[in-house]
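One structure follows; several queries about it will come next.
Since every read-out is calculated from the coordinates, none of them should be taken as a lab result. Being a predicted model, the structure only gives us computed values, none of them experimental. Neighbour counts run over all protein chains shown; Cβ positions are idealised from the backbone, glycine included.
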Amino acid sequence: MNAYDVLKEHHVVLKGLGRKVSEAPVNSQERHELFDEMLLELDIHFRIEDDLYYPALAAASELIAIAHAEHRQVVDQLGVLLRTPQSAPGYEDEWNTFKTVLEAHADEEERDMIPAPPPVQLSDAELEELGEKMAARIEQLRASSLHRLRTRGKTSLLKAI
């Protein structure tokens, strides 16, 4: 699977989890578990982009800077969401804002960086190799207890700030 397909597939995973969280009853155990899973997948997504995909697109530095700004926007909105109790009247609005910001980032990335913009020259073989590395990294992080612990720590920090 090439790098573009890996990213698109992972966007589908994130959007699907967002939909499931939205459909689960507010403040339910199911919703908490789905949200935690979404946070893990979101961290995985940012890591494969930051560690593998964006470095391969270094010639498109302006777009990468925009993508990093979008990551910060997603994280900032996540912080607001985490600090809002699920029982609070404005929680659903914060959830919907977070989901919208996240989906907008995915959509913009697919529009602007898939395929790579013209200054970037990646062969089919390079895209396949990059895709294999990204897919392997996703599976490695999903299986990692350390990654789960790290994500919980980052989530707690965001909630506290």
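Sum up the charges of everything whose Cβ sits under 14 Å from the Cβ of Tyr91, counting Lys and Arg as +1 and Asp and Glu as -1, but leave Tyr91 out.
Numbers: positive: Arg31, Arg83, Lys99, Lys159; negative: Glu92, Asp93, Glu94.
Once all neighbours under 14 Å are counted, the net charge is +1.
With +1 assigned to the C-beta of every Lys and Arg and -1 to the C-beta of every Asp and Glu, and no other charges, what is the dipole magnitude of segment 32-111 about the Cα centre in debye, to the nearest 20?
220 debye
Relative contact order (percent) for segment 3-159, with alpha-carbon contacts under 8 angstrom and 6 or more residues of separation? All intermediate terms of the calculation are to be shown ahead of the outcome.
Numbers: 106 pairs, mean separation 58.8, N = 157.
Once normalised by length, the contact order is 37 percent.
Which of the trypsin sites (Lys or Arg not before Pro) found in segment 11-75 are in a DSSP loop and have at most 10 neighbouring Cβ atoms, other than their own, within 10 Å?
none
Quick check: the angle from helix 145-160's long axis to the longest principal axis of the chain, C-alpha only, nearest 10 degrees?
60 degrees
Here is a follow-up. Can you give the angle from 0 to 90° between the axis of helix 91-113 and the longest principal axis of the chain, with both taken from C-alpha atoms, to the nearest 10?
Between the helix axis and the principal axis of the chain, the angle is about 0 degrees.
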